[in-house]
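The values are calculated or read from the model by the stated rules, or taken from the named source; none is laboratory data. The structure presented is a predicted model; accordingly, all values stated were derived computationally and were not measured. We place every Cβ from the backbone using ideal geometry, glycine too, and count neighbours over all the protein chains shown.
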Amino acid sequence: MAIIVNMPRLSDTMEEGTVSSWLKKVGDKVEEGDILAEIETDKATMEFESFNEGFLLHIGIAEGESAAVDSLLAIIGDEGEDISGLLNEESAKAATEETLEAEETQPEESAEQPAASIPEGVEVVKMPRLSDTMEEGTVASWLKGVGDTVEEGEILAEIETDKATMEFESFYAGELLHIGVQVGESAAVDSLLAIIGPSGTDVAAVLAAASSADTPKTEEPKTTTTDAPPPTTTTKPSEAVEKAVVQTSANSNQRIMA
């Protein structure tokens, strides 16, 4: 059965990736653990390993092209398998997502106060998506403790995904100010994993700012009043009673492997 491989989120700030090179081509046999491609992120160029085995049936992003995280990167399946149905489904899904994104970018009036900002030089590290099917990760071990100096490229922690246990490398330099997920604990992708920044940073303020930034925005309920219907009279005209109807409505708003 064919398996869709999506563009992984290889860093916590990655929004899109660029395929630097493909190490496999359509028709090649792929073994679990083989390097499929090299992907350039906003931080570095990284090898992208396959968790699946079969034949490379389709390449969705050519060398040199960029695509958003979770876009169709490749399809792996049985030799000669018909994947036209999958491709049609992906095309329809992409079109729907583009429409939704366009709607979400429409300007909205807001009377909200500006959210607290994270101090310059401080980085909030989130639980990365280390495989395209990963929904949460478990911290197997921390290789740094609070107060330790962290250099860019050092291994911060070992994280267990739904596929394997992987080393998680820091893209930032500074002091490890806070650990948000303890050893043995699990957290959803994009949850606060750690905070790195200058020594002496007010961690409580950073946590408050990060929490504020993650809080979904809501719209105030809107109340509309319909025109009152004509007065209703009974057998006694002097006792006519006017009835108004008020209607209230509320609007609510809203990887390194294959």
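Sub-7 Å Cβ pairs linking a first residue in the range 168-183 that is outside any loop (DSSP other than H, G, I, E, B) to a second residue that is aromatic (Phe, Trp, Tyr), at least 6 apart or interchain, are 179/142, ordered by first then second residue.
Within the set 39, 4, the sole residue that is surrounded by 18 or more Cβ atoms within 10 Å (Cβ to Cβ), part of a strand (DSSP E or B) and in contact with a Gly (Cβ under 7 Å, 6 or more places away or on another chain) turns out to be 39. Candidates are the residues of the range 68-111 that are out of contact with any Asp or Glu (no Cβ under 9 Å at 6 or more places or on another chain) and among the polar types (S, T, N, Q); the one that is modelled with the highest pLDDT is 84.
So which residues in the range 146-167 are acidic (Asp, Glu) and assigned to a loop (DSSP other than H, G, I, E, B), if there are any at all?
We begin by selecting, within the range 146-167, every residue acidic (Asp, Glu); these are 148, 151-152, 154, 158, 160, 162, 167.
The answer is 148, 151, 152, 154, 162.
Looking across the range 112-145 at every residue that is in contact with a Ser or Thr (Cβ under 6 Å, 6 or more places away or on another chain), assigned to a loop (DSSP other than H, G, I, E, B) and closer than 22 Å to residue 9 by Cβ, the one that is modelled with the lowest pLDDT is identified as 131. Within the range 52-94, the residues that satisfy the criterion of being under 18 Å from residue 7 (Cβ atoms) and of a type in the set (Ser, Thr, Tyr) are 66, 71, 91. Is it the case, given these coordinates, that residue 207 is in a helix (DSSP H, G or I), modelled with pLDDT of 90 or more, surrounded by 12 or more Cβ atoms within 10 Å (Cβ to Cβ) and not acidic (Asp, Glu)? Taking the combined requirement at face value, the residue satisfies it. Quick check: anything in the range 167-178 at pLDDT 90 or above, surrounded by fewer than 17 Cβ atoms within 10 Å (Cβ to Cβ), touching a Ser or Thr at 6+ places or on another chain (Cβ under 9 Å) and not basic (Lys, Arg)? Yes, the conditions are met somewhere in the range 167-178.
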